[in-house]
Structure formats: C-alpha cells, structure tokens
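The values are calculated or read from the model by the stated rules, or taken from the named source; none is laboratory data. Not measured: the values here are computed from a predicted model. Neighbour counts are summed over all protein chains in view; Cβ atoms, including those assigned to glycine, are modelled from backbone coordinates with ideal geometry. Each accessible area value is taken on the protein alone, full model and side chains, heavy atoms only, with ligands, DNA and RNA left out. Shrake-Rupley method; radii C 1.70, N 1.55, O 1.52, S 1.80 Å.
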Amino acid sequence: MATDPLQRYRSKRDFRITVEPEGRPGKAGKALSFVVQKHAARRLHYDFRLELDGTLKSWAVPKGPSLDPSVKRMAVHVEDHPLSYGSFEGVIPPRQYGAGTVIVWDRGTWVPVGDAQAGHAAGKLKFELQGEKLRGAWTLVRMRGRGDEKQEPWLLIKERDDEARPAAEFDVVEALPDSVLSGAAAKKAPAKKTPVKKAAASKATVKQARKKTASPDVPLPQGAEPAPLPLALSPQLATLVDAMPETGEWIWEVKFDGYRLLARIDGDDVRLFTRNGHDWSARMLGLVAAIRALGLPSGWLDGEIVVQGEHGTPDFQLLQNAFDVSRTESIQYFFFDLPFFAGHDLRAVPLSERRALLRQLLDAAPADGPLHFSEDFAASAKDLLHTACELRLEGIIGKRADSTYSTRRSPAWIKLKCTKRQEFVIGGYTDPKGSRAGLGSLLLGIHDPNGRLRYAGNVGTGFDQTMLKSLAAKLAPLRADRTPFFELPQGIKGHWVRPKLVAEVSFGEWTKEGRIRHSVFHALRSDKPPEAITKEVPKPVAAAAPAAKKRGTKPAAAVPDGLRITHPERVIDARSGFTKLDLVQYYARAAPAMLPHLIGRPVSLVRGPQGVGGELFFQKHADRMQMPGVVQLDPKYDTDHQALLEVNSLEGLLGAAQMNVIEFHTWNATTKAIEKPDRMTFDLDPGEGLAWPRMIEAAQLTKALLDELGLQSFLKTSGGKGLHVVVPLTPRLGWDVVKDFSQAVVRHLAATLPDRFVAKSGPKNRVGKIFPDYLRNGRGATTVAAFSVRARPGLGVSVPVAWSELEGLRSGAQWTVANVDERLAMADAWAGYVKTRQTLSGAMKALGFELAAA
C-alpha cells in the first residue's frame, strides 16, 4: 500500500474543530503552484510551500523571505500540506495545532531548475518564483544538523539577479505585509470549537456597555464602504521629519513611549496584534476582556500600549518589565484610529471623521479602566513639542486631518522627536568594571545601504542591576568567535555575539565617523527585525505636505474640484502595495515638475485597469472614453486617425490617472511645429546579462560622442532598466532627417565599440550589450515622459538627473513612487534644458552625414 503523504498533516489536526482543509493528494497541473502564508500563531512566521508530487512541500520561515542574497533565512522543513491549503485564509481555533490567523501573503507559480524531485531529496532545490511579491531565482538548501532535530533545518536564499534588493534598502515582509487575496474575510470556526480562555467580564458589565455604546445605531461617515473584516491588518506608520509643516490642517498627539498594538474584534473573539502581526492576546487577557466588555461590532482599532511611570508619563522600560514578569495589569491602551468598523472599511474616510467616531465609541469605556481615547491638542505644534520635551516625553505625532489610512509608512503622518533616539543592532559587549555585574557596555551597529553591519558606537548607561544581569543572560547563548561588524575600526574590542538583538537607544549626536555620543539605553525591542535597522534620517517636512483625501469629496493637494476617484483602495502594484489613490496623489505632487514635459506635446497613455501585472492598453488617439481634462488635438496633426491627445493641466493629469493611466509617453515635437522635432532621444536599452556598471559606461560614452559632435545632451532614468540621453534641438529639420541622423550616431557607436553597442534591436543581438534605441525619433514614436511612473513592479519613475550624478546611480528605477518625493523637492536637474539652442548642422558635418542622402 502506498504511503499517504498527508497522514502526518491530518494526524496533527481535528477537522471537527479546525477550519483548515482536510485535503487529499492532488494531480499535477500545467504549472506548479507556490504559496507563502503569513501565520500569526504563538510566534509569527511565514509558511513557504511549493507544489511537488501532488502536495505542498512546506517550510516554516520564522522571519519570512528576504530579497537580499546575503541574508540566509532559516526554513524548517515541516509536514506536507494538501494543495487545497494554498488558498486557505482563516483563524485556526485555540488549542488546535498552529492556532492563530493565516493569510495568503504571496502566491504564484514556480519553475524548478533541474530535477525537482532529485533536488528536494538531495537537499538542494533551485527554482524560479513567479509570484506577486516574490520573483526571480531562489534556492532551498538543507543544513547539516546535529542529528537530533525533530525537523530538518534548511536555508531559504535569494539568488543574485534583477529581483534582488539589499535588506537595508527594502524589507519585503515589512513593506508588503498584507494578503494578496482581495476582500478575504475571516472564516468562522465551527460551533464545536474549543472556546478561547477569557478573563472575567460580567454579563452585567457587557450588557451595560452595549446599552451605553449603542454602536449598531452609530451613523457611519460618508465614504465608509461595506467590506469583510480582514484577517490581518498592518498599521500606518509615521515618517520622521526635520521641521514643523507650514501648511495644511494637522492633528497633533503625544508620541507614546510604548508598543504599537491593533485590536481585532469579531463578535466575542477579540485579538491583539503587534505591528508585525504577533498575536499577543494571551499576554494581555485583561485588555481583551475590557475591549470585549465594550460590546462593539466587528472592526479593527489602532493604538499603543504603555505603562505610566511615577510622574504619569509613559515609561518604556516599565512596559518591558511588565512583560518580563508577566504582570500586565498596569498596561494602558490608548486608541487613536479606527480603520474598520461594523462591516465597513473606513480607510478612505478622512482621519478627523474616523477619530470622531472612535471617540464616540470609547465613551462607553470606564474612566478608571485601561482603555482610553488618544486626545489631540489644540495648541500649536511648536508649543506642544516644547511641552512634551519638558515632560520628558519622546515627542509628538502630527497627522493630516484629511488623510486616509495607509497600511505602511506614510508622509501624511509625521513624527518629531525631542531627542535623537532609534534602534541599534547589538553586535557585542564589554566586560563590567568595578562592582558592576553582567556587562560593561553594548557594542552597537546599523546596516549600511549594502546591508553590511557597521559599528555605530557603544552604550554603557541607562541600565539597572536587574537589566544588566538580564542582558548578560540573553547575550550568552549568542556568543560568536568573529565580529559581526564590517570593517571594524581599530581599537574596538569586546565579546562578539550574533546580531540577533535590537536595542533602543537615545543619544546626543552623530560624530563625523558615524558613531553616537552621550548614549542612553532604554530597552530591547522585539518588534523589529535586526536586518531592517538602518540609520534613521529625518526627511524634509516638504515630503509630508501632500494630503490624502477621501473619495468623492473636495480633495486637498490641488486636486481639482469634482474629480471623483473610483476604487481608490485598489492595489495597483503588489510589490510596493501602492493603491490607485496613491498613484493619483503622486501625480498631484509631481504635477509642477512634470507638466512642463507634457504641455504642447501629443501624448500616448498606458492604461492598466488591473494594475501592474494585468493587461495594459496603449492609447494614443481619442476614443469613446472621456478623460477629464485630457485635450483632443486638432485632427490636422494626424489626419488618418482620430484626434491625438494632450495633457496640459493638473486636471488632465489626474483625470487620466483616475481612468487607470499609469504611464505618459510624449512625442519629440510640439504642436507649434509638429513636423519638426525639437529633441532627439537615445534610449539606452540593456541586453540580457548586462551589469549596471556597463550601463553607466555606455551613457558616458554616448555623452562623449555627442560632446565631440558639439551637441549638448541631458540625462534621465527610464524608470525601468535603462537610461535616456536627450538632445534638445531647434526645430528646423524634419522627422526623417533627425531619425536617420540618430541612426548614424548609433551605427558609429556600434562600429567603434562593437563589444559594448549594437545597432540593431532584438534580444539576440544585444545579449551583454546595449542598443541605443534611435527608433524613438520617428514621427509618432514616443518616449516615457519625465516624472512618469512605469507600469512595472515597484512603480519606478523616470527622473531627470545631472550628468554629475551618473556614477552614483544604482539602476534605471532608482526612484520609485515610494522614494521620489525628496527628488521632487530638489532643484531642477535640467535647469539649462529650455534655454539650449542647437542644430544638427555641425554634428552632421563632423560625422560625415550627408543631408541629401537622407
């Protein structure tokens, strides 16, 4: 009799109680599936599953996948799961194996490299992932264990390719925390489930709270949309800024010195989750009971837990101590947001309205209880920050009153700190001196942009005797023979440890050597992965000025009156998590810089109704679809077709984005002289396998040739894989002449440097080489406009740069919607472009180009 590969899976579960699929081995389809499930069990982890031989081969990855090839993630081989488990999202009931919340974090197909069965058996499985978040080449390799492990230890490793990214630059599990299944709601456990252990809450208390709250009758604000209750929710995070904003309506709150916590209410089932999805319900049963006693409908509440010190201000060390000794009765929970409530999604509702509803709901909470509304203050932000600092608080938080709720870090929420304070990775410690016990000081580090841990100084104050002994006990099992620091400065000595612990430290300043001074230890933090710890640099407050607005209302940030954004919450890019509303808001911010590159030029539009990864539509003529503000040009410009289009206003730019336009491409001529190009463009298109330094070299060589020809050129990133070299022209020559001359330039490059350039397009011709695409210079051909987003994973942006910045570029998609705001605030890199007056006469002569032959 054949062995049942799912026998171990079924033996661990009681299917009369759990909502998980029982399943049977399946048959192989045309493509092999994979799924990564985010599992908030006793400890948050990620279940990585590959379809093979009719089941899902499974590994538990405690920290989740990393896109950094230098980061090797532990992956524990667990029992096979049925194929039907690949679409499972739900809450596994308490006292069942793996009790907790499961969401589908990523899914797609995978392609083995070589024999998959043989690789799996041998302990080295190479493959390519084609998912919504994870793509490219990966390897699973079995480690040599001690021989007594109950489960095999493996490593999950990202291979070096175009999809790899340094951990210090991008943490995929932090940046994209949510489910890839749209509208997934929690599955109710069967009635026979074992009930959750509840802290005592009398029926009278619950009844009284239900009467007082009257929550079913609370009117919902405009913009609330019916929606199932998500199984998991990642919180909106604030951006550290360097100054007070000068414009906009802001709500100011105290910055709590505690732990971020989200409460999920589904009937009597109340659960408490940390910012990273850890279920801490069992650690704070008193708070669970207090929230349940409010009798609220289903929803998610966002807030922070603190323990107040002797002066009534939050004390992070006391909060940490409460968990260390399992005495959490002193914990207070301050709520400040309400993203879901009573079967509705409120994330698109303005913050001020969400908070008004939240305040009304919390009126039912006893004044002397642990639940509170986080009050905002009418005082000026400057006065409030001064007072907060005098009270030795950490700082203040500012939130745009009209902002929506985004499940990631957002410029609509900002934080200003009283002192410099951030997290550091502990890489070692020194011996204690005198009567001190445990250790002398902690040796600290941060990750540089390449993911390497750099020494950042030490901290030797802020400890009491209990903490010193506790730290020494936690560091002892992590002892290592080698330093974890990259290029450790001379003279730094100590006992090295594996970089697994994160310390929160305040300090006076950074030295020019990159070390902190006047440091004070506050506590260990367990809610942030060590790999994500980098130097925290305040961003210009200008990046926080744009506001998010609820749909259907008069938006801020210069969004035209009456423009209604439909489906603003729809995710258009799974890699970054950006929504349609985020895209519209980006174009609102980019409009002043972008419109000069659009006005007066015929434009072609790339529409993506299903977002990145869905079907894209290229539109260059008017059709029945009307886009607010998009202009139809005189038919004389293209007599054989419908009218060409132009975007010459903010209304047109945002109207197109509302109609799902992601990319904007423009002609090389304006309507003032449509038959005479006013620029010549070379799109440096890299072939397969070409390293980025060769792209930089190709741009330098192209510029050098153009300089020799007496032509001034300008540079911009493509937002994709390449670079664009643009030559402004006085519009005198026709399309054919300009195109033919650009082809002659490319032929010269290819003939002179055949190991670097090719003159013909096609992937086979340019493997390891670059094709300077001159075809962009024909009539009707287009190039993506400056500051346009690209419909590619990550939402790269085409950005003008100075030639002096070329060697510092890391890729053609160095700027994305997520990080381009700082660039928008900088001076125009093409400041001399408009005033450049030049013709091709001298260049043609220098190159030996015969005008008559053209």
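Values as computed for the structure displayed
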| read-out | value |
| --- | --- |
| Estimated FRET transfer efficiency when R0 is 56 angstrom, pair Glu375-Ala846 (beta carbons, to 0.05) | 0.20 |
| Isotropically averaged projected area of region 446-486, using the convex hull of Cα atoms (one quarter of hull area), nm² | 3.8 nm² |
| Spin-label pair Val111/Gln151, simplified geometry with 7 Å Cα→Cβ offset, distance in nm | 3.1 nm |
| Global geometry of region 1-74, whether rounded, prolate or oblate, following the gyration tensor of its Cα atoms and the 1.5 cut on a/c | oblate |
| Accessible carbon and sulfur surface of the chain relative to its total accessible area, %, 1.4 Å | 51 percent |
| Cα gyration tensor category, rounded, prolate or oblate, for region 1-153 with a/c compared to 1.5 | rounded |
| Among Pro245, Ala388, Thr407 - extreme Cα towards positive end, dipole of the chain, charges at beta-carbon | Thr407 |
| Stokes-Einstein diffusion coefficient of region 226-344, Kirkwood radius over Cα pairs, 20 °C, 1.002 mPa s, in µm²/s | 137 µm²/s |
| Relative contact order, percent, region 619-744 [alpha-carbon distance under 8 Å, six or more residues apart] | 21 percent |
| Projected area, mean over directions - region 645-697, Cα convex hull, nm² | 6.2 nm² |
| Protection proxy ranking of 642-648, 3-9 - average other beta-carbon atoms within 10 Å, highest first | 642-648, 3-9 |
| Relative contact order (%) - criterion: Cα under 8 Å, at least six apart; region: region 38-119 | 28 percent |
| For His641, solvent-accessible area (1.4 Å; no DNA, RNA or ligand), Å² | 110 Å² |
| Region 359-446 - charge dipole about Cα centre, Lys and Arg +1 at Cβ, Asp and Glu -1, debye rounded to 20 | 480 debye |
| Whole-number D in µm²/s for the chain (Stokes-Einstein; Kirkwood sum over Cα pairs; 4 °C, 1.567 mPa s) | 43 µm²/s |
| Charge dipole magnitude, Cβ of K and R +1, D and E -1 - the chain, Cα centre, debye nearest 20 | 1680 debye |
| Lys38 - accessible surface, heavy atoms, 1.4 Å probe, Å² rounded to 10 | 20 Å² |
| Solvent-accessible heavy-atom area per residue, rounded to whole Å², over region 18-169 at 1.4 Å | 43 Å² |
| Stokes-Einstein D for region 614-674, Kirkwood Rh over Cα pairs, 20 °C, 1.002 mPa s (µm²/s) | 173 µm²/s |
| For region 707-806, the fraction of alpha-carbon pairs in successive 5 Å shells from zero, as % | 2, 11, 17, 22, 24, 17, 6, 1 |
| Assigned charges on the beta-carbon of Lys, Arg, Asp, Glu; region 320-408 dipole about Cα centre (debye) | 300 debye |
| Rounded FRET efficiency, nearest 0.05, which uses the C-beta distance separating Arg283 from Lys433 and R0 of 51 Å | 0.90 |
| Percent antiparallel among DSSP beta bridges (both partners in the chain, rounded to 5) | 95 percent |
| Inter-probe distance in nm under a simple model that places probes 7 Å from Cα toward Cβ, at Glu225 and Lys528 | 3.3 nm |
| Over the chain: helical MRE at 222 nm, DSSP H runs n ≥ 4 each giving -39500 (n - 2.57), nearest 500 | -5000 deg cm²/dmol |
| Förster radius 56 Å - calculated FRET efficiency between Leu391 and Glu128 (Cβ-Cβ, nearest 0.05) | 0.55 |
| Spherically averaged projected area in nm², based on the convex hull that wraps the Cα atoms of region 400-532 | 10.1 nm² |
| Kirkwood Rh and Cα Rg combined as Rg/Rh, region 348-472 | 1.10 |
| The chain, relative contact order [Cα under 8 Å, separation at least 6], % | 8 percent |
| Given Lys417/Lys535; Lys124/Lys474; Lys72/Lys133, the pairs whose alpha carbons are separated by over 25 Å | Lys124/Lys474 |
| Gained length - Lys72 relative to Asp14, 0.36 nm times residue gap less alpha-carbon distance | 17.4 nm |
| Inter-label distance, nm, simple model (7 Å from Cα along the C-beta direction), Glu487/Asn765 | 4.2 nm |
| Positive-end residue, the chain charge dipole about Cα centroid, Cβ charges, pick of Leu229, Ala437, Val820 | Ala437 |
| Trp154 - accessible surface, heavy atoms, 1.4 Å probe, Å² rounded to 10 | 0 Å² |
| Listed residue (Ala164, Val19, Phe664) projecting farthest to the positive dipole end of the chain, Cβ model | Val19 |
